[in-house]
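Since the structure comes first, as structure tokens, the remarks are kept for the end.
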Ligand SMILES: [Zn+2]
């Protein structure tokens, strides 16, 4: 089965979006309303806030899902693992950047379904911002890390960045159903979330007709 084929997806977890830290990072709590199992995406900056929210919702945090290993997305992983025993899910290409208290990591390899109670998400490898960048696709939404922002996309000039890979990753995201809600890794846009259809129509990086056009735009704008 094609990893982009959303028909085989497990039912989507509920999602709570929380902004943390001084770099406008977004974390998400994804949870199963039946079993109360939860995953936290990119735990950083204010793990206490994330855990308080999880506890308010009566959730058991079992997983940390990592979109990529820039420090602003993972600096809370150790604290989260210490406090919850959560297993860390990260692409093998970036696993060396995660300590997780020496505990085993779960490889977010492309197309892999990750259960969160009776719900689940699918890992989509989306390189370009980093070498092992991963989006997490659920039935109806996608958590995009620093690959796709509302009105923007991640930089490709950091170590491990690759502008051609980023272009391919964005093309891949654009093939998702247009009503798919986008949960980005930073609050850089006019709204906190968007949809694939809205971004396809309005995001200048997704409106580029060719890779050459995209590369020129990406090189002109150094942000995120
Ligand atoms: Zn980043």
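The values are calculated or read from the model by the stated rules, or taken from the named source; none is laboratory data. It should be emphasised that the depicted structure is a prediction, and the values quoted were computed from it without experimental measurement. Because the Cβ atoms are built from the backbone with ideal geometry, glycine has one as well, and the counts that use them run over all protein chains shown.
Only one of 183, 205 is over 16 Å from residue 67 (Cβ atoms) and either within 16 Å of the ligand (Cβ to nearest atom) or touching a helix residue (DSSP H, G or I) at 6+ places or on another chain (Cβ under 7 Å) (or both); which?
Details: 183 fails: over 16 Å from residue 67 (Cβ atoms).
Sole residue among the options that is over 16 Å from residue 67 (Cβ atoms) and either within 16 Å of the ligand (Cβ to nearest atom) or touching a helix residue (DSSP H, G or I) at 6+ places or on another chain (Cβ under 7 Å) (or both): 205.
Within region 48-81, count every residue that is within 16 Å of the ligand (Cβ to nearest atom), part of a helix (DSSP H, G or I) and touching a residue at least 40 places away in the same chain (Cβ under 8 Å).
2
Name the residues in region 137-153 that are away from the ligand (no atom under 16 Å from the Cβ) and surrounded by 18 or more Cβ atoms within 10 Å (Cβ to Cβ), would you? Reasoning before the result, please.
Step one: list which residues in region 137-153 are away from the ligand (no atom under 16 Å from the Cβ), which gives 137-142, 151.
Those that are away from the ligand (no atom under 16 Å from the Cβ) and surrounded by 18 or more Cβ atoms within 10 Å (Cβ to Cβ): 137, 138, 139, 141, 142, 151.
Could you tell me whether residue 156 is touching a residue at least 40 places away in the same chain (Cβ under 8 Å), within 16 Å of the ligand (Cβ to nearest atom) and touching a helix residue (DSSP H, G or I) at 6+ places or on another chain (Cβ under 6 Å)? Quick ask: steps written out before the conclusion?
Values: touching a residue at least 40 places away in the same chain (Cβ under 8 Å): yes; within 16 Å of the ligand (Cβ to nearest atom): yes; touching a helix residue (DSSP H, G or I) at 6+ places or on another chain (Cβ under 6 Å): yes.
For residue 156, the condition - touching a residue at least 40 places away in the same chain (Cβ under 8 Å), within 16 Å of the ligand (Cβ to nearest atom) and touching a helix residue (DSSP H, G or I) at 6+ places or on another chain (Cβ under 6 Å) - is met.
Looking for whichever is under 18 Å from residue 145 (Cβ atoms) and crowded, with 23+ Cβ neighbours inside 10 Å here; the options are 41, 16. Which one fits?
On the way: 16 fails: crowded, with 23+ Cβ neighbours inside 10 Å.
Within the list 41, 16, the selection yields 41.
Can you pull out the residues in region 130-141 that are under 16 Å from residue 64 (Cβ atoms), part of a strand (DSSP E or B) and touching a helix residue (DSSP H, G or I) at 6+ places or on another chain (Cβ under 8 Å)?
Within region 130-141, 135 is the sole residue that qualifies.
Would you check if there is a residue in region 210-223 being within 16 Å of the ligand (Cβ to nearest atom), more than 19 Å from residue 140 (Cα to Cα) and in contact with a helix residue (DSSP H, G or I) (Cβ under 6 Å, 6 or more places away or on another chain)? Can you show your working first?
Within region 210-223, the first condition is being within 16 Å of the ligand (Cβ to nearest atom), and the residues that meet it are 218, 221-223.
This time we only want the ones that are more than 19 Å from residue 140 (Cα to Cα), so: 218, 221-223.
Imposing the further condition that a residue be in contact with a helix residue (DSSP H, G or I) (Cβ under 6 Å, 6 or more places away or on another chain) reduces the set to 218.
Yes, the conditions are met somewhere in region 210-223.
May I ask you to verify whether residue 213 is modelled with pLDDT under 95, surrounded by fewer than 20 Cβ atoms within 10 Å (Cβ to Cβ) and not in a strand (DSSP E or B)?
Values: modelled with pLDDT under 95: no; surrounded by fewer than 20 Cβ atoms within 10 Å (Cβ to Cβ): yes; not in a strand (DSSP E or B): yes.
It is false that residue 213 is modelled with pLDDT under 95, surrounded by fewer than 20 Cβ atoms within 10 Å (Cβ to Cβ) and not in a strand (DSSP E or B).
Going by what's in this entry, would residue 127 be described as assigned to a loop (DSSP other than H, G, I, E, B) and more than 16 Å from the ligand (Cβ to nearest atom)? Quick ask: steps written out before the conclusion?
On the way: assigned to a loop (DSSP other than H, G, I, E, B): yes; more than 16 Å from the ligand (Cβ to nearest atom): no.
Considered against the rule, which asks whether it is assigned to a loop (DSSP other than H, G, I, E, B) and more than 16 Å from the ligand (Cβ to nearest atom), residue 127 comes out as no.
Could you grab me the full set of residues in region 106-124 that are assigned to a loop (DSSP other than H, G, I, E, B) and either in contact (Cβ under 8 Å) with a residue 24 or more places away in the chain or at positive phi (or both)? It would help to see each step written out before you state the result.
Going residue by residue through region 106-124, those that are assigned to a loop (DSSP other than H, G, I, E, B) are 108-112, 117-118.
Answer for region 106-124, where residues must be assigned to a loop (DSSP other than H, G, I, E, B) and either in contact (Cβ under 8 Å) with a residue 24 or more places away in the chain or at positive phi (or both): 108, 110, 111, 117, 118.
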